[in-house]
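Quick note: the coordinates plus some simple rules give every number you see, no bench work behind them. Bear in mind that the values here come from a model prediction, so they are computed numbers and not experimental data. FYI the Cβ positions are ideal-geometry reconstructions off the backbone, even for glycines, and counts take in every protein chain you see.
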């Protein structure tokens with residue numbers, strides 16, 4: 001992950017969409033947007049873990065997804081509830097969700113669910129500036145571990 005990825009994530013989490021949009025355009029132009037997707041996924045999994053671990057229940061996950069979908073109004077149609085629930089469950093270690101269950105889902109559907117739920121989880125956590133920076137460092141560390149593991153294959 002480089003500074004552009006981290007700045008894009010920070011601006012996304014802090015609702016600074018003008019900066020976020022510029023950073024995303026730069027990442028796409030430099031053919032480096034894939035790593036940003038990995039960073040968003042790492043942030044999503046860390047936020048899910050923080051929100052739902054150590055104990056969680058299926059009704060907790062279903063309720064949260066329903067609340068998030070309700071909060072976005074007409075855009076709720078863009079969030080596939082079943083996909084969102086499976087992504088959360090997979091992120092918090094639910095072994096009953098098999099990886100191939102999400103294999104046929106298009107990237108946009110996953111990206112929409114992850115980004116919307118990520119924002120909701122971070123906003124629910126009510127992090128101060130230091131908390132946001134610690135969260136970003138945690139997500140970046142996990143994303144870098146995933147990249148290193150992928151490169152080692």
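Label separation (residue 25 vs residue 146): 2.7 nm, computed from points 7 Å beyond Cα along the C-beta direction.
Using just the helices of the chain, give the 222 nm mean residue ellipticity in deg cm²/dmol: DSSP H runs with n ≥ 4 each add -39,500 (n - 2.57), and the total is spread over all residues, rounded to 500. The helix contribution divided over the chain gives -24500 deg cm²/dmol.
Between 0 and 90 degrees, the angle of helix 33-52 with respect to the longest Cα principal axis of the chain falls at about 40 degrees. Multiplying the residue separation of residue 78 and residue 95 by 0.36 nm and removing their Cα-Cα distance gives an extension gain of 3.5 nm.
Counting other Cβ atoms within 10 Å as a rough exposure proxy, the listed residues 1, 121, 141 run 141, 1, 121 from fewest neighbours to most. Against the chain, whose longest principal axis comes from its Cα atoms, helix 107-125 is set at around 90 degrees. What is segment 81-153 by shape, rounded, prolate or oblate, if you read a ≥ b ≥ c off the alpha carbon gyration tensor as root eigenvalues and call it rounded for a/c under 1.5, prolate for a/b larger than b/c, and oblate otherwise? Oblate shape, in that a/c is at least 1.5 and b/c is the bigger or equal ratio. From the alpha carbon centroid of segment 1-41 to that of segment 72-111 is 22 Å. Note on the chain: Cα Rg divided by 2.2 N^0.38 Å, N the number of residues, gives 1.01.
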